[in-house]
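Here is the structure we will look at.
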Amino acid sequence: MEEALMRAVVVYESMFGNTRLVAETIAEALSGEMEVRLVRATSNVDVGLKDVDLLVVGSPTHAWGLPRPATRRGGPGYVRKPGSGLALEPGADSSPGVREWLATVGDFHMCGAAFDTRINKSAALTGRASRSIARSLQRHGIAMAVPPESFRVDRKNHLLAGEIDRARAWAVRLGAAVLSQGTTRR
């Protein structure tokens, strides 16, 4: 009998597209070993975690942690700055995000992973949304398969060179860790 393919869901929130690019890279890297769905946290769809083996959640870091409605509303100001080169993701400044989505997650027994995007400075100066995501996932019974990871952006909010490659490598390590544990859903 053929073994069922493991299932993963990658949920993300993105303001200017950096976190989305990282999430897409992670989903693509995992898709070689698992069935993967990529879901934007601002969408109002039921993610359907019942038959999922791996839940990966990512967000930008705002004000030392997860975005809030007030920090999201500040996004258009960054776009309007002369020479910013930034474009706001649709609904990023007005829709709910990862913080609100995590509040709706029930208790599940599966593997999880958390990532964020943040300015390329010490976490003591920037904070890390991924730590908050990991703590929330653990409160829902989700076991972290790998430590939370940060992917860096420059002061103009553009991904640093090499970060997409780092995201791909992180996803490969994540997939290997989950596959070595076997099916985790209950």
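Each reported figure results from applying straightforward, stated rules to the coordinates on display, with no laboratory input. These numbers were taken from a predicted model, which means no experiment stands behind them. Cβ atoms come from the backbone with ideal geometry, glycine included; neighbour counts cover every protein chain shown.
Would you confirm whether any residue within segment 34-47 is in contact with a strand residue (DSSP E or B) (Cβ under 6 Å, 6 or more places away or on another chain), outside any loop (DSSP other than H, G, I, E, B), acidic (D, E) and touching a residue at least 24 places away in the same chain (Cβ under 8 Å)?
yes
When you look at S31, is it of a type in the set (S, T, N, Q), within 19 Å of W170 (Cβ to Cβ) and within 14 Å of the chain's Cα centre (by Cα), yes or no?
no
Considering R7, R73, R80, R68, which residue is among the basic types (K, R) and closer than 28 Å to Q181 by Cβ?
After ruling out the rest, the residue left standing is R7.
Can you report the number of residues in segment 48-79 which are free of Cβ contacts under 8 Å to residues at least 40 places away in the same chain and in a loop (DSSP other than H, G, I, E, B)?
Selection size over segment 48-79: 3.
Report, by residue number, each residue of segment 130-139 that is farther than 14 Å from W101 by Cα and buried (at least 21 other Cβ atoms within 10 Å of the Cβ).
Scanning segment 130-139 gives a single hit, S130.
Residues are listed down the side, and each one gets a yes or a no for (1) surrounded by fewer than 14 Cβ atoms within 10 Å (Cβ to Cβ); (2) closer than 26 Å to K156 by Cα:
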| residue | (1), (2) |
| --- | --- |
| E13 | no, yes |
| G32 | yes, no |
| P82 | yes, yes |
| D116 | no, yes |
| A124 | yes, yes |
